[in-house]
Structure formats: C-alpha cells, structure tokens
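One structure is given here, and the rest of the page talks about it.
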Amino acid sequence: MSNIHITNPGDLGVLVVGAGVAGLTLARRLSQNGEKVTVFEKSPGVGGRLATRRGEGWIWDHGLVDIQPSDVPPETYLDWQSLGILENRKDQPQLSWICSEGMTQLPKKLEVGFEVIRNCKIDLVRVGPGGKVWMIRDEEGNWHHGNKLVLAIPAPQAELILDGSFPQQMISLKESLLRIKYRPTLTVLGLINRGRFPELKLKTDRIVEICIDNGEKGIRNSLGALTLHLTADYSRKNFDKPDKVVLTEIKNWVKKKMGAEITGMVVKRWRFSQVTHSLEEPFLAAKLTSPLFVIGDGFCGGGIKGALLSANSLADHLLNCSQTKESGRNHAKKNIYSACPK
Ligand SMILES: Cc1cc2nc3c(=O)[nH]c(=O)nc-3n(C[C@H](O)[C@H](O)[C@H](O)COP(=O)(O)OP(=O)(O)OC[C@H]3O[C@@H](n4cnc5c(N)ncnc54)[C@H](O)[C@@H]3O)c2cc1C
C-alpha cells in the first residue's frame, strides 16, 4: 500500500459499495447530476433483495414480492414511471407494483450512466494517504480509490468491512451500525401441479408467512411457480439446517394446506431480509477530510421505503454540498437531513 501515489484526489469520484435499490438510486441521481460514480457489487447481478430466479421458462421472485406506491418517494416515483416497466399486480384489489419479467427488471433499468463492477466483493475499507481518499479492497486484492465512499449494504456487512484502524468518528459510526437489526427469512421456490391459488398471508401459521403464485401475481408464464416466505421464527431456528430438512417440511405443508404436490424445490437463505430496528436518521456519516456514508434500509423505518428515502436524502445532501461549493460559499450546509423525510 505504501507505493500508492494519488496526484489529484478530487477527480476520483464516488465509490458506492452495493448495487441494491439504495446504491443504484444514489448512483443514478449523482451521475444524472454529473458526478463520476462507480458501484461495486459482489453478485453477478444487480438488485440485492429485489431478486428473481429463472428456470425452464418459469420466473420466481424470491426477495421483495411487490412494491406499494406509498413506499416510493415522489422523485423516485416520477423516475420509475418514465422507465415504463412497473405493472399493477393482478391478484390484488389494492394497488401494488410488480415487473412482469420479475422484480430484478427494475434495478436493471436503473443502471444507466455509471459503471457497476459485478462479482466484486469488497472486504476492507481504509482511509488512504493524507486522509484525502478512501480505499476499498476487493477479494482479489485490488484496491480502488475514491474521494467519497458510500456503503449501501446491510449494516452488519458494513460493520464487517470497516476494520479497527479508524479515528473516533468511525468508532461511533460502527456503534450506530450495531443498533440496526434484521430478521432472517428462508424462502422456498417450487412448482405445484394444479390449481390456481390466491396469495396466502398466514398470520398465525408456524412455518409459512406468505405463499405467492408468481403467475397469479402477473409474472409472465409462471402460473404454478410458488414462492413461500417462511416465518421469522422458523427461519431463525432452521437457518443452518440442511436444505432437505426444510424442503421435506414444506412439501408436507403444501400437501396439507393446499392439497397440492410441490416439485423442483429450492431454498434461498436471506440472513438479513428485513429490518426490525432501524435508525431515526436517514444515513450515517463519518465526517473525515473525505466523507464516508452508510445508506440503505437500516434507516427511515426500513423496507424498500427506508432504502429509497435514505438514498434520496444522501443524494440531496451531496448535491446540495457540491452546489454550495460551486456557488462560492466556503462551507456546505451541515446536517441538512438530520431526520428522515416523511
Ligand atoms: C424475503 C424478503 C421479503 C421482503 N419483503 C419486504 C416487504 O414486504 N416490504 C418491504 O418494504 N421490504 C421488504 N423486503 C426488504 C427490501 O427488499 C429491502 O429493504 C430493500 O430491497 C433493501 O435495499 P438495499 O439497497 O438497502 O439493500 P440490498 O438490496 O441488500 O442491497 C445491497 C447490495 O450490496 C451487495 N453487497 C453486500 N455486501 C457487499 C460487499 N461486501 N461488496 C460488494 N457488494 C456487496 C449485495 O449483494 C446487494 O446487492 C424484503 C426482503 C426480503 C429478502
């Protein structure tokens, strides 16, 4: 690391770790306003917990099932309308949105105007020479530099990559991250051999919380492709059990509760699926010479709404800072977003 020379740190741009809806929303807004942004994503695809699996013509959403319009802030709503890919969910009287090719269509469409480096897991964050740049290391050992760093990943994962060698500002940021809590969700995907099943929302079932037929929801050619989200309690107790234990239980459950056979089953494990305790503020900031921020659904009440409010708040803050600089004032407004917008 000692032989790294950075001549013009101001030109390095913004590094965003995580191409979920929060990271992409932020990257999109900043790049639309002329900022250079690079996003690093550990998976082969973008979207994070907006996740879709395909197989033999069927499509399953296995993360977030749909989007409530009330969860989408006005500036994002207008942007998404212009993409023209959100459709009304077909099996629900109250309005909610899906994409007929699966929820990952939305994040894929958001990826315009900035680079996303895929299959690139960041495992370490460091303040670079002179405290003026951020350095992030990927699993291959390559270092990437930026003059601002944004972690748009679940709080426990953010906490993990911030190692111990930071000043006081970072210690309190790490303590705040530890206050954000998530629940796990086991998701089972499979095919049923008959019938048309409306969505089951099971308030009291011990095992299954939601059971959705992706075709009924409006996904193309996917009638009979079931997604089952298992309860928080069941998911916690069985998270590390072998797939076959969970699959046997779900097979019996589908037979008993739905009178159907389920085949081609797969288990997906979300260790951090939904936030159960979020922070009041819209994002966290470590105010070093070059700033570091954390955004995502750990803020503003959690869920997709929290992730979007958090990303938009930081975008407003950063764009406001750069405008203030350009207009000749020598310091940016401080903490303009100390509370989440409603
Ligand atoms: C089963 C399930 C059901 C849900 N139901 C609802 C619901 O009904 N209502 C609701 O509002 N929300 C729901 N959610 C939650 C919602 O999907 C999330 O709140 C939202 O998508 C979070 O977006 P994000 O961008 O903050 O995080 P993420 O989507 O988690 O994005 C983070 C990204 O960072 C990447 N990443 C992580 N670590 C690294 C690293 N070290 N280096 C590089 N990349 C990294 C990940 O691969 C991921 O792509 C549900 C989620 C799940 C899984």
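The values are calculated or read from the model by the stated rules, or taken from the named source; none is laboratory data. Not measured: the values here are computed from a predicted model. Cβ placement follows ideal geometry from the backbone for every residue including glycine, while neighbour counts extend to all protein chains displayed.
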Suppose the filter is over 16 Å from LYS148 (Cβ atoms), at pLDDT below 95 and outside any helix (DSSP H, G or I); does ILE4 pass it? yes
Subset of the stretch 260-275, residues more than 11 Å from the ligand (Cβ to nearest atom) and either outside the structural domain of CYS211 (by TED's automatic domain parsing) or in contact with a Gly (Cβ under 9 Å, 6 or more places away or on another chain) (or both), comes to ALA260, ILE262, THR263, GLY264, MET265, VAL266
In the stretch 106-148, residues that are free of Cβ contacts under 8 Å to residues at least 40 places away in the same chain and among the polar types (S, T, N, Q) total 1
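Mind checking which residues of the stretch 67-91 are part of a loop (DSSP other than H, G, I, E, B) and either away from the ligand (no atom under 13 Å from the Cβ) or within 19 Å of the chain's Cα centre (by Cα) (or both)?
If we filter the stretch 67-91 for residues that are part of a loop (DSSP other than H, G, I, E, B), which is where we start, we get 68, 72-73, 84-86, 89-91.
Within the stretch 67-91, GLN68, VAL72, PRO73, GLY84, ILE85, LEU86, LYS90, ASP91 meet the criteria.
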Restricted to the stretch 138-176 and to residues being within 10 Å of the ligand (Cβ to nearest atom) and either at pLDDT below 90 or charged (D, E, K, R) (or both), the residue surrounded by the fewest Cβ atoms within 10 Å (Cβ to Cβ) is GLU139
The condition from (1) closer than 27 Å to PHE299 by Cβ; (2) within 16 Å of the ligand (Cβ to nearest atom); (3) in a loop (DSSP other than H, G, I, E, B); (4) modelled with pLDDT under 95 that LEU64 misses is numbered (4)
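Looking at this structure, is GLY13 surrounded by fewer than 23 Cβ atoms within 10 Å (Cβ to Cβ), more than 22 Å from PRO341 (Cβ to Cβ) and in the same structural domain as GLY146 (by TED's automatic domain parsing)?
Against the criterion (surrounded by fewer than 23 Cβ atoms within 10 Å (Cβ to Cβ), more than 22 Å from PRO341 (Cβ to Cβ) and in the same structural domain as GLY146 (by TED's automatic domain parsing)), GLY13 qualifies.
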